[in-house]
């Protein structure tokens, strides 16, 4: 941490700050500049949260951290990329992994038809929501346990591993029984009890960035999972909230190279939620792969115009086939596979 | 809902859209404009979420809702302002209600001292966190059940009702046993199972706006609570995330008159989290009251520079006394009391 | 500046960085922490922009400034508040100064009627746009020179000083001839040649914050004017762009106490543009004054429903009268006058 | 336009609204829904700006436009993509056009060396700033006319056409004399007098999106240029301002497919300004091309650590060579060339 003192801070004030730094277990190091005195607090400031309280002293102008506050998620702690294995599928390796399926599990026929179609098109993982976080209490809230059973059936029939969202601590075991990857939705990115619990569930976790979550906060949420002993975290960029309204969210592909620099965790991209419009999904899927993503998660529905949720952003199966062909070519141009 | 067709939509396409609108239970009404055909879907579109799926038809350019999607939270459904009663305190009436106390309950002495000081200064409700949602897993996470017991003691000693955060469904009963108002934090604003559960807990709910939550979404989250039979929802504006970094968040006081126009629910303002710096708290507290807020929630700590959380934004008790005096004068200028 | 080196930076790399710091005229000061080495570059870093280029070295993780980059606008350089005098009106003193009038000058009768009404209600300055920056080329672009003449006439008739926008370098003299305060609109906040030019025009400048302008950038734009020898800069907060859509912009009242802390310049608030809806103007005007603003700028139109621009946010004269009465009471509660 | 009336609007109010619509030259069409009456105003609402003023009537809840407000920039008016020709280079055709060079022209040797290196690597256009809009008045402001002359020399020597920024109306002719493409910077995206002037200058215009400019506003700014008779507008996405701070801006690649859907104008991507860090430029350049961009604009400097502006985001020439090789492969995967 760097503690910047206000202009005109007295010697006693500087000493007081240094004393407090020592009391918190760090070593102070003072630099007297032309216009400001700054004090470095030496030590591992990933635990130095408490030093921030010094900002409440009248003589302190700002407290600025030097280190990133996460450890296990950091590329400094683990240099080699993490590969998450789910059955035969490896996320974070050479292959671009595509997860596809409907937003919500709506019925047996809808799910099985979609599973068959996306598998035929080359998808590696089946997605589908049984528990649905819906902005309105009057909207379809998912088939819940019944949906989980349908996912289990689709998994058996198709052979595809399944990713689905878990929204509450008390459902983690039920979801983990039927799913291969536990999805934490954007709205739960800072639901810390839930993060801790999936950190103990023994299944890989797909961690969607929240709509106002900074990359640093996102990696700290990953740290909650990692620090409970679960190393299999997959990050998922799904769009942040900005002023732009032609897209539902602003898919932030910059997050892909930033995460690759800061962390060893694999990252996938969700162009369906990120844009909110089926017409933009293919372009942004290709862009996500070109930016360096390890995979994609894409909404596919046999009849989007009748979907109970997210119809506008769902692809018809035939469009998904076309997307896969184009994404494959981009992957190959990057010496990756699909 | 207004369904806008693309330029050049054929008669068959218009008919197809109308047929689908009828199939979903609404009455279509077509307007052929100079450059576009639009179809109104007549009916109560607060349940018309499914009509949005029509946007996935190639002939549809956009589906635009006309009505606000919430009902119980709306001023159209209930015109008179809701008054939430907590013991002798009424939130949403003539009196500006001030809730004050430490960010976290840290110790018995810290809490009791703060309770005594804020009560003496005129606060009506004691705040303090026992369960703390912290961005980093390495930060202080609250005293949890022990904190609840200290809050109960402080409540007995001071006579002040208590507001404290509940983070999980399974702790709602425990928190409701000791607290007078259940706080839903900004990070849980779209934790829908939790919202449903506090809707059944029989205690007033303080619902903090999320950092990227639109006012419409916020009122829909209130609707989750209201629709479970709990009419006692207090909204709390606590800052949204923007590009500006001199403040921790951007306290959005515009939300006060907007909420007053759209809803009958009371609204309080949190200038401590909203700005993140103690120096700005008094000015924004006064501004919040002048904007029409029904109350304030303010962090006070006897020694902010030693606080385990949010030290930089906590007021010392003597500053809180000064704030109360100034806020009282603003309240009186608006024919309100403190 | 603080230069943070990457983990594992070698001694040669640290020395190279120090050598470059010396070459740019600063004194390096190295702190070797547990996990990182940081180098402070000592000297006045308000001119140290070039040090930022060190971030392009592979061994450098980040370059972090310590000082605010503006000088003349800073409260450190000038502690006492600046008072801007315009005829009998002082902006930045005890009196809350209210500037009011139509968005655009539309006709002689519209302007003269509005001037008379706002003067009668107690406004101190007449506002009105002759040159209008309009998002669409098909919208009304202002009466231009003809509008300036009408403003001059309204000024003579009413005795109110006039503030109006200047959009181009070549019109600065013409506008300065008829106006008492030159307004720089939000869209020109980083039109640096224009800022330099109004810095030489000998008239006070009202500098509107841009919709994505940080407070630091805003003060740097003020610095452009100040550094040309014009000390009479009035800042104007008029709303920033966020994700929220119930208001046209998000009026950022936090900027008021932040500016008061960082700078000696007066600041006024524009609740008309900030909210975009007449129904929210009064509440936010009162809030602006309670936050500590030195004045208000408010759009008033005799027939808003026929306005050629910004009708939805314009007040009718009778509403403006009511607003003035309520704002006066808030001002008095703060020991200020109206 | 759709005018939504408030609940309980009386028949007289509906009639009054209809009368006003007729008076403005449109045909009203009323739909009485279950909870609201809406009135469509039929006619070309790209000129219907004035209808928005009806929102100031107490009986009107909202006025919602149906049509996009631009015409000449719209794909409805011109379906085929615009190709902008600059010497032998065509922007908007099959070839991905790469513009490269230093942020600022700093010296003859710096510019000529860079021009030679980027040409050898396959760039099609040389970029370099002579007039520089700098946030701080104390930063290097460009070599101005001297810079233009150096650009002219570099153009002769290298044979590359030149793109450079013009900041003021009075310099348009001087810049147009030496440059092949006139760049309008992000800070001038709503400098309407400048847009009009470059619309008359007879040279292609590169129009950078502002940091808080919606896509609709961006296309309206293009409309200013197009409506002055200049059809050769190239859009440039360069990053918008969001809450995320690991990148300088948030490069919004979603804008690429959105613009392709709404407009016929070519679009290029600037990953240098968009990310602000050289390490992210290559990934985002590839992503931009994969998203469907027609070109790239990239900052290259022989010694970024000594650059007078934007050093942190500038590539060394050897990195630019590597980028070109990788981008070429992505282009080919999309059946485009480089």
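The values are calculated or read from the model by the stated rules, or taken from the named source; none is laboratory data. Here the structure is a predicted model, which means the values were calculated and not measured. Glycine gets a Cβ as well: all are built from the backbone with ideal geometry, and neighbour counts include every protein chain shown.
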*Among (1) more than 10 Å from every other protein chain (Cβ to nearest Cβ); (2) assigned to a helix (DSSP H, G or I) - the single one residue C:274 does not satisfy*: (1)
*Given the conditions (1) within 14 Å of chain D (Cβ to nearest Cβ); (2) more than 30 Å from residue D:215 (Cβ to Cβ), report the number of the one that residue C:117 does not fulfil.*
(1)
*Please verify whether segment A:168-178 includes one or more residues that are assigned by TED's automatic domain parsing to the domain that holds residue A:125 and closer than 19 Å to residue A:102 by Cα.*
yes
*Could you say whether any residue in segment D:231-239 is surrounded by fewer than 19 Cβ atoms within 10 Å (Cβ to Cβ) and modelled with pLDDT of 95 or more?*
yes
*Out of curiosity, is residue A:110 surrounded by 16 or more Cβ atoms within 10 Å (Cβ to Cβ) and not in a loop (DSSP other than H, G, I, E, B)?*
yes
_Of everything in segment C:306-322, what is at pLDDT 95 or above and either outside any loop (DSSP other than H, G, I, E, B) or more than 18 Å from residue C:117 (Cα to Cα) (or both)? Give them in sequence order._
C:315, C:317, C:318, C:319, C:320, C:321, C:322
*Out of (1) more than 13 Å from chain D (Cβ to nearest Cβ); (2) closer than 30 Å to residue A:240 by Cβ; (3) touching a residue at least 40 places away in the same chain (Cβ under 8 Å), the odd one out for residue C:295 is which?*
(2)
_Within segment A:52-76, take every residue that is more than 10 Å from chain B (Cβ to nearest Cβ) and at pLDDT below 90 and give me the one that is farthest from residue A:229 (Cα to Cα)._
A:64
*Working only within segment A:252-263, note down all residues that are within 7 Å of another protein chain (Cβ to nearest Cβ) and either more than 10 Å from residue D:254 (Cβ to Cβ) or at pLDDT below 95 (or both).*
A:254, A:256, A:257, A:258, A:261
_I'd like the full set of residues that are in contact with a strand residue (DSSP E or B) (Cβ under 9 Å, 6 or more places away or on another chain) and modelled with pLDDT of 90 or more, limited to segment C:3-19._
C:3, C:4, C:5, C:6, C:9, C:13, C:14, C:17, C:18, C:19
_Failed item in (1) under 21 Å from residue B:206 (Cα atoms); (2) within 14 Å of another protein chain (Cβ to nearest Cβ); (3) touching a helix residue (DSSP H, G or I) at 6+ places or on another chain (Cβ under 8 Å), with residue B:136 passing the rest_ = (1)
*Got at least one residue in segment C:177-186 being part of a helix (DSSP H, G or I) and touching a residue at least 60 places away in the same chain (Cβ under 8 Å)?*
yes
*Those residues that are closer than 23 Å to residue C:131 by Cα, outside any helix (DSSP H, G or I) and more than 7 Å from every other protein chain (Cβ to nearest Cβ), I need them from segment D:210-234; list them, please.*
D:210, D:213, D:228, D:229
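So if I check each of C:159, C:101, C:92, C:129, which one is surrounded by fewer than 23 Cβ atoms within 10 Å (Cβ to Cβ), touching a residue at least 60 places away in the same chain (Cβ under 8 Å) and either assigned by TED's automatic domain parsing to the domain that holds residue C:198 or within 24 Å of residue C:248 (Cβ to Cβ) (or both)?
C:92
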_Residues located in segment B:165-180, provided they are away from every other protein chain (no Cβ under 13 Å) and surrounded by fewer than 24 Cβ atoms within 10 Å (Cβ to Cβ)_ = B:173, B:174, B:176, B:177, B:178, B:180
*What is the residue count in segment D:114-136 for residues that are more than 19 Å from the chain's Cα centre (by Cα), modelled with pLDDT of 95 or more and within 16 Å of residue D:311 (Cβ to Cβ)?*
1
_Just the residues that are in a helix (DSSP H, G or I) and surrounded by fewer than 24 Cβ atoms within 10 Å (Cβ to Cβ), please, taken from segment B:292-305._
B:305
*Filtered residue count, segment D:248-291, keeping only those that are surrounded by fewer than 24 Cβ atoms within 10 Å (Cβ to Cβ), farther than 30 Å from residue C:64 by Cβ and without any contact (Cβ under 8 Å) to a residue 40 or more places away in the chain*: 1
*Among A:283, A:293, A:307, which is in contact with a strand residue (DSSP E or B) (Cβ under 6 Å, 6 or more places away or on another chain), in the same structural domain as residue A:204 (by TED's automatic domain parsing) and at negative phi?*
A:293
_Please go through (1) facing chain B (nearest Cβ under 10 Å); (2) in contact with a strand residue (DSSP E or B) (Cβ under 6 Å, 6 or more places away or on another chain) for residue A:125 and return the number of the only condition it doesn't satisfy._
(1)
*In segment A:181-209, the residues that are within 13 Å of chain B (Cβ to nearest Cβ) and under 10 Å from the mean Cα position of the chain (by Cα)*: A:184, A:185, A:186, A:189, A:208, A:209
*Selected residue [within 9 Å of another protein chain (Cβ to nearest Cβ) and in contact with a helix residue (DSSP H, G or I) (Cβ under 7 Å, 6 or more places away or on another chain)] from C:243, C:320, C:249*: C:249
*Based on what the data block shows, is residue A:225 in contact (Cβ under 8 Å) with a residue 12 or more places away in the chain and either within 23 Å of residue A:161 (Cα to Cα) or within 18 Å of the chain's Cα centre (by Cα) (or both)?*
yes
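Being touching a helix residue (DSSP H, G or I) at 6+ places or on another chain (Cβ under 6 Å) and either closer than 20 Å to residue D:188 by Cβ or in a loop (DSSP other than H, G, I, E, B) (or both), is that true of even one residue in segment C:144-155?
no
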